[in-house]
């Protein structure tokens, strides 16, 4: 009676499984058909092969550059970088806060003015950059279209990390003067607040 297709497929699968198992055993270096725990002799042979591979890798590696012997060569090479203290590393990891400048419809804003305001605020509050996540700067005109003194208003809201927002407001005849006054107020307020917390 001829074999069925199913029996032929089963025999082929068994042969493939045996061949794959033998290949895995040979690749592991265990030798023979043994798949259990490796003997002491097999482990020694594997360690010898590993050490030979490591030695060949070291031999094929490019040679290390020789240390400069003459003073002129030594002077031209850059000095080794020193390890930085934790305070310096923390200062380097600080990110600059997001500074958003907004103007009301009664104040004429521009990209140049926004860049100027960001630069003034960022420079003034640079000491607190690591403790602040966001700074919002608002410009408005209290009297809108009417003329008057000290009607330009600048409000700065700073959001320290894990703390409540801090806000100051200043009014002046021009938006530039109002910005300068508000930045000075915010700088003094943050200095007193953070210095007090650091003392406590």
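The values are calculated or read from the model by the stated rules, or taken from the named source; none is laboratory data. Quick caveat: nothing in here was measured; it's all calculated off a predicted structure. Don't worry about glycine lacking a Cβ; one is built from the backbone with ideal geometry, like all the others, and counts go over all protein chains shown.
Some observations on this one:
- Test: residue in the stretch 116-125 that is exposed (fewer than 11 other Cβ atoms within 10 Å of the Cβ), under 32 Å from the mean Cα position of the chain (by Cα) and at pLDDT 85 or above: yes
- Residue in the stretch 20-43 that is nearest to the chain's Cα centre (by Cα), counting only those that are exposed (fewer than 10 other Cβ atoms within 10 Å of the Cβ) and at pLDDT 65 or above: 27
- Unmet criterion (only one of (1) outside any helix (DSSP H, G or I); (2) farther than 16 Å from residue 156 by Cα) for residue 102: (2)
- Boolean, residue 91 is loosely packed, with under 15 Cβ neighbours inside 10 Å, at pLDDT below 90 and assigned to a helix (DSSP H, G or I): yes
- Residue within the stretch 140-154 that is within 34 Å of the chain's Cα centre (by Cα) and in contact (Cβ under 8 Å) with a residue 40 or more places away in the chain present: no
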